[in-house]
Amino acid sequence: MCGIVGYLGKPDRAYDVLIRGLKRLEYRGYDSAGVALVTDDGTLNVHKAQGKVSNLEQKASLGDTRGALGIAHTRWATHGEPNDINAHPHVSQSGDLALVHNGTIENYSVLKQALIEHGYEFKSETDTEVLVQLIDYIHRNNHCSLEEAVREALLQVEGAYAIAVVERGNPDRLVVARKSSPLVIGVGDGETFIASDGTPIVGYTDKVIYLKDNEMAVIERDKPLRIVAIDSNAPSEIDIQELKLSVAQLEKGGYDTFMLKEIFEQPETLRDCLRGRIASDGRVVLMGVEMNKDKFLNAKRITLVACGTSWHAALIGKRLLQDFCKIPVEVEYASEFRYGNPVLDDKDIVIAISQSGETADTLAAIQLARQKGAFVYGVSNVVGASIPRNTDSGTYIHVGPEIGVASTKAFTGQLTVLTLLALAIGQLRGAITKEQVKQVTDALKEIPETIEETLKVNDKVEDLSKIFTYAHNFLYLGRGYNYPTALEGALKLKEISYIHAEGYPAAEMKHGPIALIDAEMPSVIIAPSDSLYDKIISNVQQVKSRGGAVVAIVSKGNHSMEDIADHCIEIPAVPECLTPIIASIPLQLMAYYIAVNKGKNVDQPRNLAKSVTVE
Ligand code: M6R
């Protein structure tokens, strides 16, 4: 978590670049923000503020913001509460060094104790301050260069980090390093940018270098960029890649919020997701599967690992893989899998699903799976992120940057790719007929238009949301393919409106949660006309007979629910395996409007961050 930005380049340009960059990275955390600038005469000026980047801007504008070199940070608090003191950049006791950090220094208390014994005093409660003091201590005692001090310090550190360091008195040098937290270097004309991802860099340059794990880079004015391995100091190859991102993709495009924009973008994003992946005869073509046929043919089991919304997509992926590939499938939270001693060998396939491609638990899970010999396949959105770079193969969902903290278009993109993946593996293993594949791909090709149609429920959902805005609890129920859709609907509501909501398999409700139902507790029931429709009808009756209000998501043209449920929202009919994609649209809108009615910041809900790069 946390976002970092750095700049070395043109006179007095650093501050603007850093503030703009921080605003783009606010999705990674918004507990506090800070900037450190080195002026041309070597003065180090640091500004910090609790809360959003706009608070920092107000505060910093009263001070000195000159300089062609600077680093900046937006924080998601891990060690120490969100306040000005714990905000980054942290400055060493000597006042010589300033550092920003994304990640966690696990052995910080041991290092801190040793530094205290050497006379260091600490102002903040953060792990990061320990690192800057350690670098300072080595720098002074070993009389070495900043670069050497950073490297020496990092050799003593356990944990995850992406860091950037500047030095008072040196307006021409920026030192950065990474381990398990992402860092991108943008190579411009006479200027260099560094950031946690490409979003602060886009618009300045499209030439980027993704720093690899355990590498550090020394960026100096008028000198070639140097990248070395932290452990050996051996020079690394410099691989400049194209940043495939546009500024327009990062703006709200006329919508009030990123979340609403991203909900309404789904027809287009799924068009991009499907492009080139369905052949004219209806077959699915996924390069990641084509190039690893033997792995998919010989697999004896598939395990899906993910967190949050991506884990809900994984649960639906399990159904898809079981139905189309007839192969045993398991789903695990990445955080449980990594510590659960999984039994894996080279006949196992692990599919890791992650929008950001940076989620720490998912990254650790895939590293473990690879160590144990499994073939690891990634389903990610952010091109070039750590997960796609640490998997054996994979498929991007290609839905464009998702800025709203609540995942929407990434979820439907993940479901689309998982459907394609299950079909591709199923057709390869001969577990599904050509006709069956074509039946699903024909419907998939229409999915962008089907979502356009579905989005017409917007006004109805907005009206309905007014009835339920002040409920304190919600139940979301679904069966089969739509049990995970219910979990996802509940998560959306919880994270942006702060209303307690539980997702449940509809039939399980009678084994406990039914006790909660009364007139104050509405249930949202996902009931498309699928193979379990008749079963879910009885579950709706059970809620109704306890006095609970029911909002039912039903297939267009099915009027049989109208007499039972209080409100029906109609969605277009699609094959059963695609109903979660369509049914999730009204659930996203419902959560959105309830949160807006309550005056909540839907793009940046409290306590959350978009990318969870800490354990
Ligand atoms: O980037 P990832 O898909 O790995 O992120 C996983 C979760 O942190 C994420 O889905 C989270 O649950 C979202 N806020 C849900 O809207």
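Residue check, Ala364 against (1) within 14 Å of Ser310 (Cα to Cα); (2) within 16 Å of the chain's Cα centre (by Cα), all met but one. Which one?
(1)
Can you pull out the residues in the stretch 254-278 that are away from the ligand (no atom under 16 Å from the Cβ), under 15 Å from Thr419 (Cα atoms) and of a type in the set (A, V, I, L, M, F, W, C)?
Within the stretch 254-278, Leu270, Leu274, Ile278 qualify.
How many residues are under 23 Å from the mean Cα position of the chain (by Cα) and surrounded by fewer than 16 Cβ atoms within 10 Å (Cβ to Cβ) if we restrict to the stretch 215-254?
Selection size over the stretch 215-254: 10.
Please enumerate the residues belonging to the stretch 36-74 that are without any contact (Cβ under 8 Å) to a residue 24 or more places away in the chain and surrounded by 20 or more Cβ atoms within 10 Å (Cβ to Cβ).
His47
Which condition number does Ile564 fail, the rest of (1) surrounded by fewer than 23 Cβ atoms within 10 Å (Cβ to Cβ); (2) touching a Gly at 6+ places or on another chain (Cβ under 8 Å); (3) in a loop (DSSP other than H, G, I, E, B) being met?
Going through the list (1) surrounded by fewer than 23 Cβ atoms within 10 Å (Cβ to Cβ); (2) touching a Gly at 6+ places or on another chain (Cβ under 8 Å); (3) in a loop (DSSP other than H, G, I, E, B), Ile564 breaks only (2).
Kindly indicate whether Val383 is over 18 Å from the mean Cα position of the chain (by Cα), of a type outside the set (Asp, Glu) and more than 13 Å from the ligand (Cβ to nearest atom).
Here the answer is no, as Val383 does not meet what is asked.
Go through Val614, Val540 for me and flag whichever is assigned to a helix (DSSP H, G or I) and surrounded by fewer than 24 Cβ atoms within 10 Å (Cβ to Cβ).
Val540
In contact (Cβ under 8 Å) with a residue 24 or more places away in the chain, more than 13 Å from the ligand (Cβ to nearest atom), more than 17 Å from Asn473 (Cβ to Cβ) and touching a helix residue (DSSP H, G or I) at 6+ places or on another chain (Cβ under 6 Å): is that true of Pro528 in this structure?
yes
Out of Lys460, Lys510, report the one residue that is assigned by TED's automatic domain parsing to the domain that holds Ser545, in a helix (DSSP H, G or I), of a type outside the set (A, V, I, L, M, F, W, C) and at pLDDT 95 or above.
Lys460
It is to be established whether one or more residues within the stretch 133-150 are closer than 25 Å to Leu25 by Cα, surrounded by fewer than 19 Cβ atoms within 10 Å (Cβ to Cβ) and out of contact with any Lys or Arg (no Cβ under 6 Å at 6 or more places or on another chain).
No, the stretch 133-150 contains no residue that is closer than 25 Å to Leu25 by Cα, surrounded by fewer than 19 Cβ atoms within 10 Å (Cβ to Cβ) and out of contact with any Lys or Arg (no Cβ under 6 Å at 6 or more places or on another chain).
Any chance you could count how many residues in the stretch 412-424 are within 16 Å of Lys295 (Cα to Cα) and either in contact with a strand residue (DSSP E or B) (Cβ under 8 Å, 6 or more places away or on another chain) or assigned by TED's automatic domain parsing to the domain that holds Pro586 (or both)?
So the count comes out to 3.
Could you check how many residues of the stretch 272-298 are among the polar types (S, T, N, Q) and free of Cβ contacts under 8 Å to residues at least 40 places away in the same chain?
Residues meeting the conditions: 1.
May I ask you to say which residue of Ala552, Ala595 is in a helix (DSSP H, G or I) and at pLDDT 95 or above?
Of Ala552, Ala595, the one residue that is in a helix (DSSP H, G or I) and at pLDDT 95 or above is Ala595.
Could you list, in sequence order, all residues of the stretch 178-189 that are crowded, with 22+ Cβ neighbours inside 10 Å and either in contact with a helix residue (DSSP H, G or I) (Cβ under 6 Å, 6 or more places away or on another chain) or charged (D, E, K, R) (or both)?
If the condition is that a residue be crowded, with 22+ Cβ neighbours inside 10 Å and either in contact with a helix residue (DSSP H, G or I) (Cβ under 6 Å, 6 or more places away or on another chain) or charged (D, E, K, R) (or both), then Arg178, Pro182 are the ones that fit.
Check Ala406, Ala410 and return the single one that is out of contact with any helix residue (DSSP H, G or I) (no Cβ under 6 Å at 6 or more places or on another chain) and within 12 Å of the ligand (Cβ to nearest atom).
Ala410
Pick out the one residue from Ala77, Ala114, Ala33, Ala98 that is crowded, with 19+ Cβ neighbours inside 10 Å and either within 24 Å of Glu220 (Cα to Cα) or more than 21 Å from the chain's Cα centre (by Cα) (or both).
Ala98
Which residue, of Glu453, Glu488, Glu449, is surrounded by fewer than 20 Cβ atoms within 10 Å (Cβ to Cβ), touching a helix residue (DSSP H, G or I) at 6+ places or on another chain (Cβ under 8 Å) and at pLDDT 95 or above?
Every option except Glu449 fails the conditions.
Residue pairs, Cβ under 8 Å, 6 or more apart or interchain, first in the stretch 311-329 and over 22 Å from Leu344 (Cβ atoms), second among the charged types (D, E, K, R) and assigned to a helix (DSSP H, G or I). List them.
Taking only residues 6 or more apart or on different chains, the pairs are His312/Glu488.
Regarding Glu332, is this residue modelled with pLDDT of 95 or more, more than 16 Å from Gly378 (Cα to Cα) and either surrounded by fewer than 24 Cβ atoms within 10 Å (Cβ to Cβ) or within 16 Å of the ligand (Cβ to nearest atom) (or both)?
no
Mind checking which pairs have a first residue in the stretch 365-380 that is modelled with pLDDT of 95 or more and a second that is assigned to a strand (DSSP E or B) and acidic (Asp, Glu), Cβ under 7 Å, 6 or more apart or different chains?
Ala374/Asp348
Residue by residue, here is whether (1) more than 16 Å from the ligand (Cβ to nearest atom); (2) over 19 Å from Lys460 (Cβ atoms); (3) among the β-branched types (Val, Ile, Thr); (4) touching a helix residue (DSSP H, G or I) at 6+ places or on another chain (Cβ under 8 Å) holds:
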| position | (1), (2), (3), (4) |
| --- | --- |
| Tyr483 | yes, yes, no, yes |
| Val524 | yes, no, yes, yes |
| Gln542 | yes, yes, no, yes |
| Glu570 | yes, no, no, yes |
| Cys577 | yes, yes, no, yes |
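Report yes if Ile353 is within 15 Å of the ligand (Cβ to nearest atom) and crowded, with 22+ Cβ neighbours inside 10 Å, otherwise no.
For Ile353, the condition - within 15 Å of the ligand (Cβ to nearest atom) and crowded, with 22+ Cβ neighbours inside 10 Å - is met.
Do we have Ala87 as buried (at least 24 other Cβ atoms within 10 Å of the Cβ), in contact (Cβ under 8 Å) with a residue 12 or more places away in the chain and closer than 23 Å to Tyr204 by Cβ here?
no
Name, by its number, the condition in (1) touching a residue at least 60 places away in the same chain (Cβ under 8 Å); (2) among the polar types (S, T, N, Q); (3) under 30 Å from Asp213 (Cα atoms) that does not hold for Asn607.
The failed condition is (1).
Looking at the stretch 274-297, which of its residues are buried (at least 20 other Cβ atoms within 10 Å of the Cβ) and more than 30 Å from Asp346 (Cβ to Cβ)?
Within the stretch 274-297, Leu274, Ile278 meet the criteria.
For the structure I just gave you, tell me whether Leu415 is within 16 Å of the ligand (Cβ to nearest atom), among the aliphatic types (A, V, I, L, M) and touching a residue at least 24 places away in the same chain (Cβ under 8 Å).
Taking the combined requirement at face value, the residue satisfies it.
The values are calculated or read from the model by the stated rules, or taken from the named source; none is laboratory data. Quantities reported herein were computed from a predicted structural model and do not represent experimental measurements. FYI the Cβ positions are ideal-geometry reconstructions off the backbone, even for glycines, and counts take in every protein chain you see.
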